[in-house]
1. Quick check on I110: is it over 23 Å from L311 (Cβ atoms), exposed (fewer than 14 other Cβ atoms within 10 Å of the Cβ) and β-branched (V, I, T)?
2. Checking the condition of a type outside the set (K, R), surrounded by 15 or more Cβ atoms within 10 Å (Cβ to Cβ), over 23 Å from A346 (Cβ atoms) and not assigned by TED's automatic domain parsing to the domain that holds I297, which residue from V202, V232, V183 passes?
3. For residues that are polar (S, T, N, Q) and either in contact with a strand residue (DSSP E or B) (Cβ under 8 Å, 6 or more places away or on another chain) or at pLDDT below 95 (or both), tally how many sit in the stretch 316-335.
4. For E238, indicate whether it is charged (D, E, K, R), touching a Lys or Arg at 6+ places or on another chain (Cβ under 8 Å) and either assigned to a helix (DSSP H, G or I) or touching a residue at least 40 places away in the same chain (Cβ under 8 Å) (or both).
5. Answer yes or no: is there a residue in the stretch 276-290 that is among the hydrophobic types (A, V, I, L, M, F, W, C) and either touching a Pro at 6+ places or on another chain (Cβ under 6 Å) or closer than 20 Å to T72 by Cβ (or both).
6. Could you list all residues from the stretch 385-396 that are under 11 Å from A374 (Cα atoms) and more than 35 Å from the chain's Cα centre (by Cα)?
7. If you go through the stretch 190-208, how many residues are more than 15 Å from I125 (Cβ to Cβ) and either touching a Lys or Arg at 6+ places or on another chain (Cβ under 6 Å) or not in a strand (DSSP E or B) (or both)?
8. Being closer than 30 Å to T320 by Cβ and outside any helix (DSSP H, G or I) is the filter here; which residues of the stretch 2-43 pass it?
Amino acid sequence: MTLSSRISGFHKLSTEEKVEKLKELVNLTDDEAKLLLANDAPVQIENIIGVMTVPIGMATNFTINGKDRFITFAVEEASVVAAASNAARMARPHGGFFTSNTGPFMIGQIQVLDVQLPSFASQEILSKKEEILKLANEQDPILVKFGGGASDVETRIISTPTGDMLIVHLIVNCLDAMGANAVNTMVEACAPMIEKITGGTVRLRIISNLADRRIIRARAVFDKDLLGGIEVVEAIVEAWAFAEGDPYRAATHNKGIMNAISAITLATANDWRAIEAGAHAYAAKDGYYHSLTTYEITEEGNLAGTIELPLALGTIGGATKIHPIAQVCLKIMEIQNAIDLAEIVASAGLAQNLAALRALTSEGIQAGHMKLHAKNLAASAGAVGEELELVAKKMVEEGKVRMDRAEEILKELRG
């Protein structure tokens with residue numbers, strides 16, 4: 001029988017009934033079905049059939065703005081947590097990480113088409129800024145009560161494949177929220193007023209994930225002796241320069257930064273997809289794609305590193321507020337507010353990048369990664385207890401970190 005993905009009424013079934021239906025359709029075994037149903041989903045989405053769990057690790061050694069912090073990572077990739085922890089240790093002799101920020105401001109966009117006099121209409125919009133802000137802030141009196149809300153209006157005229165467009169930006173102080181719901185509600189409410197002012201037609205009214213009014217900066221000095229000497233420091237700067245000058249390298253370079261940033265974002269049930277989109281767009285803001293970090297050598301020969309990127313993170317609202325594990329992670333990190341979380345995330349991103357560059361320029365990126373990968377293979381081969389370490393160690397020593405070799409070594413151990 002040919003499989004059809006058209007299943008009438010599937011969304012009305014319970015999770016257990018959905019999984020039973022899948023057993024019929026794609027021949028799931030009883031054991032496979034049990035895996036899907038092993039955990040309850042703390043956050044509801046459409047057509048839930050199970051929960052995918054991700055390990056949570058805790059990075060250590062971080063001092064941020066004079067305070068020691070534990071940092072939680074939800075990530076499946078081996079060596080990420082250990083690498084960040086090790087890099088943070090190398091910054092401790094020089095005070096750790098220090099941060100600054102531009103505040104929790106987000107941009108809501110209103111797309112206006114068919115405007116006859118776009119420059120004239122743009123000025124008309126700006127002349128009515130206070131009326132627009134008043135209308136926007138009426139949509140969220142609670143946000144305004146606590147000191148947030150819409151604070152500014154900007155206009156842009158852009159050229160596109162379908163003609164010129166007038167784009168209105170509503171700047172909103174989102175406080176401790178990521179802000180998507182508040183911002184989207186505001187721009188939707190303001191759309192009719194914008195149409196009346198411009199005589200144009202409003203189409204899209206939505207938040208921008210290029211949150212360049214919500215910039216977080218972190219900096220640290222990494223000790224040259226802990227890094228491995230001045231030769232390693234110089235090699236790291238040269239490796240960074242490669243990423244700064246070549247987008248093919250920059251993509252992998254920045255991916256390493258996001259290993260930490262996305263992991264912490266996921267651990268706190270924030271929107272890691274929005275963070276990724278904003279970071280990569282910001283990396284290309286000057287017309288070419290380059291590194292989110294910079295590295296320089298101090299007079300003493302130590303390595304000075306910086307990072308700057310938009311981080312639209314929240315500590316209230318959305319899944320963050322209702323996901324119990326996210327709340328535990330926020331407690332472990334002793335998060336005070338959204339800016340505090342963002343500063344931790346940026347610091348971890350810088351540490352992760354430094355660790356990757358050091359590995360690439362010295363022992364090689366695979367060294368630490370393959371040790372942990374060997375353990376995963378040993379476990380997959382059936383090793384337990386002390387067998388895990390013995391099988392993994394043997395594979396690494398041989399330079400044969402493969403499933404078939406893990407099975408052979410385990411068989412030899414067990415006689």
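The values are calculated or read from the model by the stated rules, or taken from the named source; none is laboratory data. All figures in this text were calculated on a predicted structure; none of them were measured in a lab. Every residue, glycine among them, receives a Cβ derived from its backbone with ideal geometry; neighbour counts consider all protein chains shown.
1. Numbers: over 23 Å from L311 (Cβ atoms): yes; exposed (fewer than 14 other Cβ atoms within 10 Å of the Cβ): no; β-branched (V, I, T): yes.
Here the answer is no, as I110 does not meet what is asked.
2. That would be V202, the only listed residue that is of a type outside the set (K, R), surrounded by 15 or more Cβ atoms within 10 Å (Cβ to Cβ), over 23 Å from A346 (Cβ atoms) and not assigned by TED's automatic domain parsing to the domain that holds I297.
3. Total satisfying the criteria: 1.
4. Here the answer is no, as E238 does not meet what is asked.
5. Within the stretch 276-290, one or more residues are among the hydrophobic types (A, V, I, L, M, F, W, C) and either touching a Pro at 6+ places or on another chain (Cβ under 6 Å) or closer than 20 Å to T72 by Cβ (or both).
6. Once the filter is applied, which keeps residues that are under 11 Å from A374 (Cα atoms) and more than 35 Å from the chain's Cα centre (by Cα), the stretch 385-396 yields L390, K394.
7. Number of matching residues: 1.
8. L13, S14, L37, A38, N39, D40, A41, P42, V43
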